[in-house]
Amino acid sequence: MVEYKILYSKLALKDAKNLSSANLDKKAKKLIEIIKKDPLQTPPPYEKLVGYLSGTYSRRINIKHRLVYEIKETAKTIRILRMWTHYGE
């Protein structure tokens with residue numbers, strides 16, 4: 001099976017610092033390893049997002065924070081958009 005290449009948005013790189021200071025970086029890395037192999041694997045469950053985030057997916061890092069990503073199937077890449085909250089805080 002081909003692994004997907006992981007790309008990060010500028011906001012996701014900024015979010016990584018927040019995750020590290022909140023001791024959530026290990027959980028996020030674990031999720032990234034899962035989606036790198038199969039972005040739609042369950043468990044852990046994922047949600048297909050709607051609205052302005054239509055076409056993206058999210059997985060819970062914890063109750064408040066989510067890993068939001070988009071899949072580019074033809075290029076076999078996954079772009080991580082956010083790794084902190086996406087609730088407008």
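Please identify the pairs in which a residue from segment 39-63 that is small (Gly, Ala, Ser) has its Cβ atom under 8 Å from the Cβ atom of a residue that is assigned to a loop (DSSP other than H, G, I, E, B) and open to solvent by 50 Å² or more (accessible area, probe 1.4 Å), counting only partners at least 6 apart or on another chain.
Partner pairs satisfying both residue conditions: SER58/TYR46.
Let me confirm something: among LEU7, LEU40, which residue is open to solvent by less than 80 Å² (accessible area, probe 1.4 Å) and not in a loop (DSSP other than H, G, I, E, B)?
Sole residue among the options that is open to solvent by less than 80 Å² (accessible area, probe 1.4 Å) and not in a loop (DSSP other than H, G, I, E, B): LEU7.
Quickly run through segment 56-80 and pick out the residues that are in a loop (DSSP other than H, G, I, E, B) and over 13 Å from the mean Cα position of the chain (by Cα).
ILE63, LYS64, GLU73, THR74, ALA75, LYS76
Run LEU19 past the list (1) surrounded by fewer than 17 Cβ atoms within 10 Å (Cβ to Cβ); (2) touching an Asp or Glu at 6+ places or on another chain (Cβ under 7 Å) and report the number of the one that doesn't hold.
(1)
Run ARG79 past the list (1) out of contact with any Pro (no Cβ under 8 Å at 6 or more places or on another chain); (2) open to solvent by less than 40 Å² (accessible area, probe 1.4 Å); (3) touching a residue at least 40 places away in the same chain (Cβ under 8 Å); (4) of a type outside the set (Phe, Trp, Tyr) and report the number of the one that doesn't hold.
ARG79 satisfies every listed condition except (2).
What number goes with the only condition from (1) in contact (Cβ under 8 Å) with a residue 24 or more places away in the chain; (2) not in a strand (DSSP E or B) that THR85 does not pass?
Checking THR85 against (1) in contact (Cβ under 8 Å) with a residue 24 or more places away in the chain; (2) not in a strand (DSSP E or B), the one that fails is (1).
In this structure, does THR85 turn out to be surrounded by 14 or more Cβ atoms within 10 Å (Cβ to Cβ) and not aliphatic (A, V, I, L, M)?
Here the answer is yes, as THR85 does meet what is asked.
Hey, any hits in segment 57-67 for a residue that's among the hydroxyl-bearing types (Ser, Thr, Tyr), under 20 Å from LYS14 (Cβ atoms) and open to solvent by 80 Å² or more (accessible area, probe 1.4 Å)?
no
The values are calculated or read from the model by the stated rules, or taken from the named source; none is laboratory data. Computed from a predicted model, the values in this text were never measured in an experiment. Neighbour counts run over all protein chains shown; Cβ positions are idealised from the backbone, glycine included. Note: areas computed on protein heavy atoms with side chains; ligands, DNA, RNA excluded. Shrake-Rupley method; radii C 1.70, N 1.55, O 1.52, S 1.80 Å.
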